[in-house]
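The values are calculated or read from the model by the stated rules, or taken from the named source; none is laboratory data. In this text the structure is predicted, and so the values were computed from the model without any measurement. Cβ placement follows ideal geometry from the backbone for every residue including glycine, while neighbour counts extend to all protein chains displayed.
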Amino acid sequence: MVQNEEIKVIDGDTFRKMCYGALNKLKDQQSYIDSLNVFPVPDGDTGTNMLLTFQEAVENIDQSNSNRIDNLTKALSKGALMGARGNSGVILSQLLRGFSEANKYNKTMENADLIKSLSEASRIAYQGVLRPVEGTILTVARKAARRAEKLKNAENIEELLKKVIKTAHKALNKTPDQLPELKEAGVVDAGGQGYLTILEGMLAGLTGKEEITKETTVKKETKEEVEDLKYGYCTQTLINVADKDVNIDEIKNDIEQFGDSLMVVGDEEIIKIHIHTNHPGIILEYALKTGSLRDINIDNMKLQNADMREKSEMRQKEEYEKLKDEKIEDFDDKLIKNPKTEKLNRETGIIAVAKGKGIKNILMELGVDLIIDGGQSMNPSTNDFVDAINEIKQDKIIILPNNKNIISAAQQASSISDKNIKVVTTKAIPEAIAALLVFNDNDELSKIKTAMEEETTSVKTIEITYAVKDSNVNGFEIKEEDVIGIVDGTIKAVGDTELEVVNDVINEVWDDEDLITIYYGDGADEKEASKIKKTFQEKSSNAEIEIYEGGQPLYPYIISME
């Protein structure tokens, strides 16, 4: 494509380049988007899940021989639907479904079609979320769509996209003002950043200012690639402005030209500035004119990203080595069949997601028919659930996701299957175990789901893990490699040792429970677990306490309290 050419129509070849551009941009920004996740735990991070989802979408386009926009957007939507991973991936798949719905019967795409596409993307994504929250990807997509609707007279598509991206950027920078947890952590919304990245990549593919082809999207990331970051320094400082008349909006307007991911928050005494910039000195000089400074922090993001990628690669290698040692009867790389339940003539099949040999064996002993290998940091896709559903012989199926970031993909798979499926919204393994104990195959499926979900409310889940980055969450100032104690998804304690954190958590949440189950994972052993058992015995001499080898990665201890 010739540069400076006025682009008024998007044909099939151009749309493909736009999709490659978005995928390439997501690959470049994957680590950065992951780093925006508020929770500092090993997780199915937003950048990774959005990248894998969009990658499936683009691969589906590659299989299409059509050059029509309606066929290509439909292929993009179908690929994202089946490849969706995590909550962010499912929302992205809904955005792309809206994009496809807007382009039915379109051979090409013009300004009006693109405007309609962005509007439909936002509308359908909002519809797909039960309780939409502002300050997320949904907000960024809605603000971008509203801006597009006011640009009906834009001269060309490039101008339209540039103005939409500018608005999306502003909406993203306001997300910390809409979600307290983002403001506390000093970050913008990760999903919103991912959506902005896709729009920016599409613009790059549209204009041809980068040579973007299918091949460039599959290159291996290297340390040198982080040099492509637009802004290299994460700059933060607190400004003491007591007794001064300072306007936060004026500060934002004055310094937004020097970078992105800008956040300016505070009150009449203290203001916090956070910005990604190439000129940290200018930011600090400006801040000095506003008040006295403290807690100045300047991080070289290029070095941070390189280090983060190295650590990510190491974790993946370690995970692979652990997987090689598991000898449970593998159906294939992802699905593990239970040979015992195959012989039963049950009306209802059960699918669960799990990691760790011991955990998997416990679930199968309790009647799970098929296990999808995955969980924290390894979120199964919609297609993984579809494969599992098709493999189950029964037409009535219960699914136990066992992770809050996996529930949406399970629900999406159930919605496109012809079988009768109910997703029991388990967020942790102890909830799944409690639910399985009240499973009654003779009940109607809806009654089974209700009974199982009611039983999960009687369980408290304690998870012990290690922080993968510095963060401020729930009033805790967390440093990388700190031990974290999480209770039902909320951080309750931070410390130096696992036993110290367990003790702090128990003191925080103990409520005379009478059944305690300790599952120890990789990096822990029964001897150490026995010390935790002793701590519980000191709380109650009547409590029944059991210890099992779970073998779960990333979490040395998972503890169930009932």
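Worth a mention:
- Qualifying residue in region 72-80 (condition: part of a helix (DSSP H, G or I) and within 18 Å of A410 (Cβ to Cβ)): yes
- Number of the exception - S458 against (1) under 19 Å from I429 (Cα atoms); (2) polar (S, T, N, Q); (3) touching a helix residue (DSSP H, G or I) at 6+ places or on another chain (Cβ under 6 Å); (4) surrounded by fewer than 18 Cβ atoms within 10 Å (Cβ to Cβ): (3)
- Out of N173, N156, sole residue that is under 22 Å from N111 (Cβ atoms) and either at pLDDT below 95 or touching a Phe, Trp or Tyr at 6+ places or on another chain (Cβ under 6 Å) (or both): N156
- Residue match in region 516-526 (condition: closer than 29 Å to E454 by Cα, modelled with pLDDT under 90 and touching a Phe, Trp or Tyr at 6+ places or on another chain (Cβ under 6 Å)): no
- Set K492, K469: member being in contact with an Asp or Glu (Cβ under 9 Å, 6 or more places away or on another chain), in a strand (DSSP E or B), more than 16 Å from P430 (Cα to Cα) and not assigned by TED's automatic domain parsing to the domain that holds V424: K492
- Boolean, E101 is touching a helix residue (DSSP H, G or I) at 6+ places or on another chain (Cβ under 6 Å) and surrounded by fewer than 20 Cβ atoms within 10 Å (Cβ to Cβ): yes
- Enumeration of residues in region 538-562 that are out of contact with any Gly (no Cβ under 8 Å at 6 or more places or on another chain) and at pLDDT 90 or above: E544, I545, E546, I547, I559, S560, M561, E562
- Region 422-449 residues that are under 19 Å from A410 (Cα atoms), paired with ones that are in a strand (DSSP E or B) and among the basic types (K, R) (beta carbon under 6 Å, 6 or more apart): L445/K396; L445/K422; K449/K422
- Residue in region 260-269 that is modelled with pLDDT under 75, assigned to a strand (DSSP E or B) and within 25 Å of the chain's Cα centre (by Cα) present: yes
Residue-by-condition table, conditions (1) more than 21 Å from the chain's Cα centre (by Cα); (2) at pLDDT 95 or above; (3) assigned to a strand (DSSP E or B):
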| position | (1), (2), (3) |
| --- | --- |
| V368 | yes, yes, no |
| D387 | yes, no, no |
| N403 | no, no, no |
| S417 | yes, no, no |
| T425 | no, yes, no |
| E454 | yes, yes, no |
| S458 | yes, no, no |
| E463 | no, yes, yes |
| E477 | yes, no, yes |
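- Some residue of region 301-314 being at pLDDT 90 or above and either under 20 Å from K419 (Cβ atoms) or crowded, with 18+ Cβ neighbours inside 10 Å (or both): no
- Some residue of region 515-535 being among the β-branched types (V, I, T) and out of contact with any strand residue (DSSP E or B) (no Cβ under 9 Å at 6 or more places or on another chain): yes
- Test for S77: is it within 18 Å of I406 (Cβ to Cβ) and not β-branched (V, I, T): no
- Annotation note: Cβ proximity below 8 Å between a residue of region 45-73 that is under 30 Å from N403 (Cβ atoms) and a residue that is assigned to a helix (DSSP H, G or I) and acidic (D, E) (sequence gap 6+ or interchain) occurs for D45/D34; T46/D34; G47/D34; T48/D34.
- Count of residues meeting criterion [without any contact (Cβ under 8 Å) to a residue 60 or more places away in the chain and surrounded by 14 or more Cβ atoms within 10 Å (Cβ to Cβ)] in region 227-251: 7
- Which listed residue is hydroxyl-bearing (S, T, Y) and under 17 Å from L23 (Cβ atoms), from S117, S64: S64
For every residue, the table says whether it meets (1) in contact (Cβ under 8 Å) with a residue 24 or more places away in the chain; (2) surrounded by fewer than 21 Cβ atoms within 10 Å (Cβ to Cβ).
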residue	(1), (2)
V487	yes, yes
A493	no, no
V502	yes, no
W510	yes, yes
E513	yes, yes
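- Residues of region 423-451 that turn out to be under 14 Å from G349 (Cβ atoms) and buried (at least 21 other Cβ atoms within 10 Å of the Cβ), as a count: 4
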